[in-house]
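Colleague: For reference, the structure I am asking about is given below.
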Amino acid sequence: MDSIVIRGGNRLTGDIPISGAKNAALPLMVASLLTPEKLVLTNMPALADIAQLSELLRLLGVEISMEDAPNGGFNHTMTLQAKAIASTEAPYDLVRKMRASFFVLGPLLARAHKARVSLPGGCAIGQRPVDLHIKGLEALGAKIELDEGYVIAEAPGGLKGGHFRFPVVSVGASENVIMAAALADGETVLENVALEPEVQDVARLLAAMGVSVEGIGTRTLRIQGKPSLPGATFEVLPDRIEAGTFAMAVATTGGDVELVGARYDDLEALAKVLDKSGVTLRQTNRGVHVYRNGARHHAVDVTTEPFPGFPTDMQAQMMAFLATADGVSTITETIFENRFMHVPELARMGAHIETHGQTATVTGVQRLKGAPVMATDLRASVGLVIAALAAEGETRVNRVYHLDRGFERLEEKLRLCGADIQRVKGV
């Protein structure tokens, strides 16, 4: 199993290219099930999660090809075409590996009028129930039951337009039901829809495929379903979580970097927190500039919230940043109930962190020290990388397959800016 070895202490300077957003690319790929024509996605990231979902989609009948970016870049192009649905079953062995696989439920129901989809897996960061997906699809006329770990759904005659209000904000359920509504007969009104940019990207793709979608970027969407959809060419938005992660790596090392391709509007919640801590983020004509002078950064309090609040997917990275801040910070996690698993690993590096339920109190230390640590999930693993970049000595991060799920050529991008980092192949 591969490890990443980091010798900390180098200030990051230069440019870092930002890849397409994993959390947008995955549901956009699933949307290929809605049409027999070609769907071309540009600015695609090359990630383990993308390859994993491709395996499932091929099983369902989607032909997929990936064209590498020119000159060794990061803007890949994927072409998907589901001329016919070859299977309506998403088996446990594939769905258990990645939660986004569950997104095939809505499009399969919409186009094939039936689906048998295993309950999902993914990172072990707490319960993420699928009841909102099911209730939303039932509002469109689906008949759904659970049987031996599978969701079995039918919509004889096809889905019908309907009205559904999400009782709590859910990114995945919003995306699943939005895609299903694209082929439903009549108008669908969805309320309390998640506002995340990735959800908006799904709605914009449907609009590019000829679906009338009103209210994109608001809590209420009105979707006029169509009997069939054409293909489209669509550009995946830049990854705000990757951009925010690199921003915190720069901030932690006291660096000066331009995040090429990043969008400041997607990073405003992070920018507000970092500004209070003494770090500057500003929009440029190429992306976002991140800078911290040599002074020690200040402690701040952070609470994770749905977009446009501070994202849970940057909580571990923020904790690593605050581990060396001047003062005492608190981080309150409101999205997932088991997302502090990185705390013991940061403690191995000398961080002073206490957890009480969903709140972590971080007392900043002058310097972390390198140590062998183990990644527990995708975002926790990159939080450990950030801590290692600023630590004294050598850190070995084990189980880095988590990183490959969400960060494209992480070591290469960091080396571009002066990090002493390398991957060590496992035996």
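The values are calculated or read from the model by the stated rules, or taken from the named source; none is laboratory data. Treat the numbers as computed from the prediction; the structure is a model and nothing was measured. Note that each Cβ is placed from the backbone with ideal geometry, even for glycine, and that neighbours are counted across all protein chains shown.
Colleague: In segment 375-407, which residues are modelled with pLDDT under 95, assigned to a loop (DSSP other than H, G, I, E, B) and out of contact with any Cys (no Cβ under 6 Å at 6 or more places or on another chain)?
Modeller: Correct list: 375, 376, 399, 400, 407.
Colleague: Sticking with this structure for a sec: So, residue 9, is that one among the small types (Gly, Ala, Ser) and assigned to a loop (DSSP other than H, G, I, E, B) or not?
Modeller: On the way: among the small types (Gly, Ala, Ser): yes; assigned to a loop (DSSP other than H, G, I, E, B): yes.
When the stated conditions are applied, residue 9 passes them.
Colleague: Looking only at segment 43-53, which residues are assigned to a helix (DSSP H, G or I) and in contact with an Asp or Glu (Cβ under 7 Å, 6 or more places away or on another chain)?
Modeller: 48
Colleague: Which residues, counting only those in segment 379-427, are among the charged types (D, E, K, R) and over 18 Å from residue 23 (Cα atoms)?
Modeller: Residues of segment 379-427 among the charged types (D, E, K, R): 379, 392, 394, 396, 399, 404-405, 408-409, 411-413, 415, 420, 423, 425.
Matches in segment 379-427: 392, 394, 396, 399, 411, 412, 413, 415, 420, 423, 425.
Colleague: In segment 167-185, which residues are among the aliphatic types (A, V, I, L, M) and assigned to a helix (DSSP H, G or I)?
Modeller: Of all residues in segment 167-185, those among the aliphatic types (A, V, I, L, M) come to 168-169, 171, 173, 177-184.
If the condition is that a residue be among the aliphatic types (A, V, I, L, M) and assigned to a helix (DSSP H, G or I), then 171, 173, 177, 178, 179, 180, 181 are the ones that fit.
Colleague: Shifting gears a bit: Where residues in segment 337-351 are touching a residue at least 40 places away in the same chain (Cβ under 8 Å) and buried (at least 19 other Cβ atoms within 10 Å of the Cβ), which of them is farthest from residue 372 (Cα to Cα)?
Modeller: Only one residue fits best here, namely 339.
Colleague: Give, as residue ranges, the strands (runs of 3 or more DSSP E) completely inside segment 212-300 that count at least 1 residues that are among the acidic types (Asp, Glu).
Modeller: Values: elements: 212-214, 221-224, 232-235, 256-260, 280-283, 287-291.
Hits in segment 212-300: 212-214, 232-235, 256-260.
Colleague: Can you tell me which residue among 410, 389, 378 is touching a Lys or Arg at 6+ places or on another chain (Cβ under 7 Å) and within 20 Å of residue 243 (Cα to Cα)?
Modeller: Working: 410 fails: touching a Lys or Arg at 6+ places or on another chain (Cβ under 7 Å); 389 fails: touching a Lys or Arg at 6+ places or on another chain (Cβ under 7 Å).
One residue alone meets the criteria, 378.
Colleague: Out of curiosity, is residue 411 in contact with a strand residue (DSSP E or B) (Cβ under 6 Å, 6 or more places away or on another chain), of a type outside the set (A, V, I, L, M), crowded, with 18+ Cβ neighbours inside 10 Å and outside the structural domain of residue 72 (by TED's automatic domain parsing)? Steps first, please.
Modeller: Working: in contact with a strand residue (DSSP E or B) (Cβ under 6 Å, 6 or more places away or on another chain): yes; of a type outside the set (A, V, I, L, M): yes; crowded, with 18+ Cβ neighbours inside 10 Å: yes; outside the structural domain of residue 72 (by TED's automatic domain parsing): yes.
In short, yes.
Colleague: Right, here's the next one. Within segment 299-313, which residues are touching a helix residue (DSSP H, G or I) at 6+ places or on another chain (Cβ under 6 Å) and free of Cβ contacts under 8 Å to residues at least 40 places away in the same chain?
Modeller: Hits for segment 299-313 are 300, 302, 304.
Colleague: Scan 40, 30 and give me the residue that is of a type outside the set (Ser, Thr, Tyr), within 26 Å of residue 154 (Cβ to Cβ) and either assigned to a strand (DSSP E or B) or within 18 Å of the chain's Cα centre (by Cα) (or both).
Modeller: Numbers: 40 fails: within 26 Å of residue 154 (Cβ to Cβ).
On inspection, the qualifying residue turns out to be 30.
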